[in-house]
Amino acid sequence: MNFWQAFLSDQSRPQGVAEQVAAVQYQLCALFSSEAPLVKVAPQFKQVQSSNLCFGLNDFQTLSNQTDPAVFARQVEHWIKSFEPRLTMINVEVLDRDEQHNRISFSVEAQLLTDRGSQELTFDSSIDLSKQQAQLQEQEFV
């Protein structure tokens, strides 16, 4: 999608559910692969906190040193709620921490709100902290 179609075009073409899932997957991958600026925003500026000024993970170094999976899961849930408004009922479960490759694996479950109703999504996800790269793979339900 180019800039014109995304922001300037008056024509809003309907997207199918598969296209919406792919868009969410792309957005989450971009979020988990980005590092937010080190600028601290005052708590009273709630709209700024969910803007592109704060887009990305807080600090890869802190994530690398973090040992508590519950804290990491809450942080990921907060980032998704802040930057992906199409998802609701978000649940993050940390699956594995690969110390040798400096990688965190986790699962993201959420509801995608579409014009055709709600779609349940599950992404198997991982963040390679040394390369600052994320991977998301949607699980298919049969």
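The values are calculated or read from the model by the stated rules, or taken from the named source; none is laboratory data. These figures come from a predicted structure and were not determined experimentally. Using ideal geometry, Cβ is built from the backbone for each residue, glycine included, and neighbour counts are taken over all protein chains shown.
Residue-by-condition table, conditions (1) touching a helix residue (DSSP H, G or I) at 6+ places or on another chain (Cβ under 6 Å); (2) polar (S, T, N, Q); (3) at pLDDT 80 or above:
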site: F7; (1), (2), (3): no, no, no
site: Q11; (1), (2), (3): no, yes, no
site: Q15; (1), (2), (3): no, yes, no
site: V21; (1), (2), (3): no, no, yes
site: Q25; (1), (2), (3): no, yes, yes
site: A36; (1), (2), (3): yes, no, no
site: P43; (1), (2), (3): no, no, no
site: Q47; (1), (2), (3): no, yes, no
site: S51; (1), (2), (3): no, yes, no
The one condition F106 fails out of (1) over 15 Å from the mean Cα position of the chain (by Cα); (2) over 13 Å from R86 (Cβ atoms) is (1)
Within the range 15-42, can you find the residues that are of a type in the set (G, A, S) and not in a helix (DSSP H, G or I)?
G16, S33, S34, A36, A42
Top-ranked residue in the range 107-142 [being more than 13 Å from L28 (Cβ to Cβ) and at pLDDT 90 or above; ranked as surrounded by the fewest Cβ atoms within 10 Å (Cβ to Cβ)]:
E120
Determine whether R97 is basic (K, R), over 15 Å from the mean Cα position of the chain (by Cα), at negative phi and not in a loop (DSSP other than H, G, I, E, B).
yes
Evaluate the range 85-94: report whether one residue or more is assigned to a helix (DSSP H, G or I), at pLDDT 70 or above and within 11 Å of the chain's Cα centre (by Cα).
no
Counting just the residues of the range 53-84 that are closer than 16 Å to A36 by Cβ and of a type in the set (G, A, S), which one comes out modelled with the highest pLDDT?
S82
